[in-house]
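K.L.:
Have a look at the structure that comes next, please.
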Amino acid sequence: MKTFSKIAKPLLLALPLMASQAPAAELDIEITNLTHGIFFTPLLVTAHDNSVDFFTTGSAASAELQAMAEGGNITPLVEANLEPNAIHSANPAGGLLAASASVNVNMNTGDLDYLSIVSMLLPTNDGFVGLDSWSIPEEAGTYTVYLNGYDAGTEVNNELVAEGTGAPGTLGIPANPGGNGGTNGTGVATTEANETVHVHRGNIGDIDSTGGASDLDSRIHRWLNPVAKVVITVSEEATETAQ
Amino acid sequence: MKRSYKKSIILALFPVVAAGMTGCSDSDHPRERTFEVTVTNLSANQPLSPVGVVYHADGFQAWSIGEEASNGLEVLAEGGDNTQFLSESASDSSNITTDGNNSPFGPGHSATISTTFESNSDIELTVATMLVNTNDAFTGLSGWSIGELEVGEELSRLSPIYDAGTEANTEAEGTIPGPADGGEGFNSEREENGVVTRHPGVVTAGVEGGFDENPLSTLDESHRFDAPIAKIVVRRVN
């Protein structure tokens with residue numbers, strides 16, 4: 001906010017009639033699912049200070065991130081990060097955000113400097129789309145950010161769909177909302193090579209709808225990065241303060 | 001950003017001065033301009049179809065994530081024919097002019113298209129071309145603002161891969177028009193979810209013995225790609 005006050009000061013001197021202003025960013029955030037056949041589970045959009053850190057690539061996932069990445073459960077992340085350190089827009093799409101769909105989020109971020117966004121990628125074992133601690137610009141304007149698909153590193157990517165496997169530590173993909181995969185796969189992996197948060201290698205899949213290694217379809221459930229486009233419009237919300 | 005923000009405040013504060021500064025900017029007058037678009041194929045083994053180039057004013061969107069592909073875009077993305085895409089674009093009210101070339105060009109090669117037209121500085125560029133060894137993949141850029149380019153200046157961008165959403169990505173024999181198959185190009189039937197997305201990549205038959213590939217695919221490992229797949233440079237020549 002240093003830059004703003006540098007500009008604002010001479011303006012205030014020049015215009016004594018203007019109410020004094022404290023900058024508080026008003027954000028309009030449009031999130032688009034760029035994938036061809038992957039759903040985003042309920043999104044969590046959070047403005048926060050530097051005490052909050054949803055994930056760090058190369059470090060083990062927190063239990064809260066694991067719950068989100070394996071089962072789409074964002075409640076633990078919300079409950080572990082409360083005001084005044086964080087404010088949330090939880091589940092702005094009112095459920096799943098399908099491939100190619102968009103959702104808009106409006107947020108007054110107050111004096112919180114960072115923006116984070118997470119959501120599980122379905123169908124995957126523990127894949128998620130993520131934006132980690134993006135610095136909210138001090139200057140008004142429109143900013144476009146592209147997000148990659150990450151792997152929480154907490155579950156083996158066996159690519160087998162089994163109901164009720166969304167709980168942390170329970171192996172399996174909890175659901176394939178598109179209903180366009182297979183069944184009775186034997187599993188594509190038995191170990192997780194990287195147990196820290198890392199860039200997801202993508203789904204493997206196969207084309208066998210009644211067997212094969214994977215319950216996912218290689219022609220539908222793969223992706224190339226980026227998996228999401230986020231357009232953030234920052235405007236300076238003038239907050240009047242007492243003279 | 002910083003400078004322009006500051007400037008806009010100053011202009012707002014001193015409207016009289018600002019009005020006085022609004023002179024006759026040369027760039028706002030209609031005049032003859034020549035632009036040169038060069039598309040370089042960065043893929044391993046995906047020839048790109050003849051390029052469609054559209055110069056238009058703000059307001060034209062040739063495609064958009066989540067929207068259905070137009071018929072012209074479907075023809076381009078499934079069969080590599082830019083004719084209908086260009087005639088469709090030319091009929092839009094924002095259109096300035098359209099152009100294209102006639103030949104596909106392979107990996108490592110470029111296509112350059114030079115176009116001259118009369119216009120003011122409200123100019124956006126849209127470029128599209130098919131990855132011919134796919135069912136309905138295309139690359140390009142849409143609504144790229146180029147009106148501020150001075151003579152001799154150029155802009156460069158890398159382009160992502162889109163899926164037109166009009167044909168299922170079966171990769172099956174007979175469904176791919178490129179040299180990998182020599183199969184069918186455009187088919188008016190719409191088989192897929194019907195909206196433009198980013199492309200998930202091709203699966204391919206892969207390497208013999210690989211368990212994770214698509215044995216029904218007519219493509220091999222060489223046809224795989226990742227983004228970006230093309231470099232697009234636009235230069236103002238005149």
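The values are calculated or read from the model by the stated rules, or taken from the named source; none is laboratory data. Worth saying up front: this structure is predicted, and the values here are computed from it rather than measured. All Cβ positions, even for glycine, are placed from backbone atoms using ideal geometry, and neighbour counts span all protein chains on display. When the accessible area is computed, the model is the full protein with side chains, heavy atoms only, and any ligands, DNA or RNA have been set aside. Shrake-Rupley method; radii C 1.70, N 1.55, O 1.52, S 1.80 Å.
K.L.:
Please verify whether B:G108 is touching a helix residue (DSSP H, G or I) at 6+ places or on another chain (Cβ under 9 Å) and assigned to a loop (DSSP other than H, G, I, E, B), treating the condition exactly as stated.
P.N.:
When the stated conditions are applied, B:G108 does not pass them.
K.L.:
Would it be correct to say that A:T190 is out of contact with any Cys (no Cβ under 7 Å at 6 or more places or on another chain) and under 26 Å from A:V105 (Cα atoms)? Can you show your working first?
P.N.:
Details: out of contact with any Cys (no Cβ under 7 Å at 6 or more places or on another chain): yes; under 26 Å from A:V105 (Cα atoms): no.
It is false that A:T190 is out of contact with any Cys (no Cβ under 7 Å at 6 or more places or on another chain) and under 26 Å from A:V105 (Cα atoms).
K.L.:
Right, another one. Do the conditions hold for A:G211, that is, is it open to solvent by 30 Å² or more (accessible area, probe 1.4 Å) and within 13 Å of chain B (Cβ to nearest Cβ)? Explain how you work it out, then say what you get.
P.N.:
Details: open to solvent by 30 Å² or more (accessible area, probe 1.4 Å): no; within 13 Å of chain B (Cβ to nearest Cβ): yes.
Spelling it out, it is not the case that A:G211 is open to solvent by 30 Å² or more (accessible area, probe 1.4 Å) and within 13 Å of chain B (Cβ to nearest Cβ).
K.L.:
Just to be sure I understand, how many residues within region B:211-238 are surrounded by fewer than 22 Cβ atoms within 10 Å (Cβ to Cβ), closer than 30 Å to B:T34 by Cα and within 11 Å of another protein chain (Cβ to nearest Cβ)?
P.N.:
Adding up the residues that qualify gives 2.
K.L.:
For region A:100-120, give me each residue that is open to solvent by 20 Å² or more (accessible area, probe 1.4 Å) and under 25 Å from A:P177 (Cα atoms).
P.N.:
A:A101, A:S102, A:N104
K.L.:
Just one of the numbered conditions (1) open to solvent by less than 10 Å² (accessible area, probe 1.4 Å); (2) closer than 23 Å to B:G201 by Cβ; (3) in contact with a Phe, Trp or Tyr (Cβ under 6 Å, 6 or more places away or on another chain) is not true of B:L125; which one?
P.N.:
(2)
K.L.:
For region A:189-208, name all the residues that are part of a loop (DSSP other than H, G, I, E, B) and away from every other protein chain (no Cβ under 11 Å). Even if it seems obvious, please write down each step before you answer.
P.N.:
Going residue by residue through region A:189-208, those that are part of a loop (DSSP other than H, G, I, E, B) are A:189-197, A:200-205, A:207-208.
Correct list: A:T190, A:T191, A:E192, A:A193, A:N194, A:E195, A:T196, A:V197, A:H200, A:R201.
K.L.:
Can you find a residue in region B:179-187 that is on the phi > 0 side of the Ramachandran plot, touching a residue at least 40 places away in the same chain (Cβ under 8 Å) and open to solvent by 30 Å² or more (accessible area, probe 1.4 Å)? Please lay out each step first, then the result.
P.N.:
We begin by selecting, within region B:179-187, every residue on the phi > 0 side of the Ramachandran plot; these are B:182.
From what is left, the residues that are touching a residue at least 40 places away in the same chain (Cβ under 8 Å) are none.
No, there is no match, as no residue in region B:179-187 is on the phi > 0 side of the Ramachandran plot, touching a residue at least 40 places away in the same chain (Cβ under 8 Å) and open to solvent by 30 Å² or more (accessible area, probe 1.4 Å).
K.L.:
Oh, and also: Please tell me if A:V230 is more than 13 Å from chain B (Cβ to nearest Cβ) and under 28 Å from A:T109 (Cα atoms). Lay out the reasoning, then the answer.
P.N.:
Numbers: more than 13 Å from chain B (Cβ to nearest Cβ): no; under 28 Å from A:T109 (Cα atoms): yes.
When the stated conditions are applied, A:V230 does not pass them.
K.L.:
Looking only at region A:38-51, count how many residues are more than 29 Å from A:S218 (Cα to Cα), out of contact with any Asp or Glu (no Cβ under 9 Å at 6 or more places or on another chain) and open to solvent by 10 Å² or more (accessible area, probe 1.4 Å).
P.N.:
Qualifying residue count for the region: 1.
K.L.:
Now for a different question. For the list (1) under 21 Å from the mean Cα position of the chain (by Cα); (2) away from every other protein chain (no Cβ under 13 Å); (3) within 18 Å of B:Q46 (Cα to Cα), I need the number of the one condition that B:I161 fails.
P.N.:
(2)
K.L.:
If you scan region A:61-77, which residues turn out to be surrounded by 15 or more Cβ atoms within 10 Å (Cβ to Cβ) and among the aliphatic types (A, V, I, L, M)? Steps first, answer last, please.
P.N.:
Going through region A:61-77, the residues surrounded by 15 or more Cβ atoms within 10 Å (Cβ to Cβ) turn out to be A:61-62, A:64-74, A:76-77.
A:A61, A:L65, A:A67, A:M68, A:A69, A:I74, A:L77 - these are the residues of region A:61-77 that are surrounded by 15 or more Cβ atoms within 10 Å (Cβ to Cβ) and among the aliphatic types (A, V, I, L, M).
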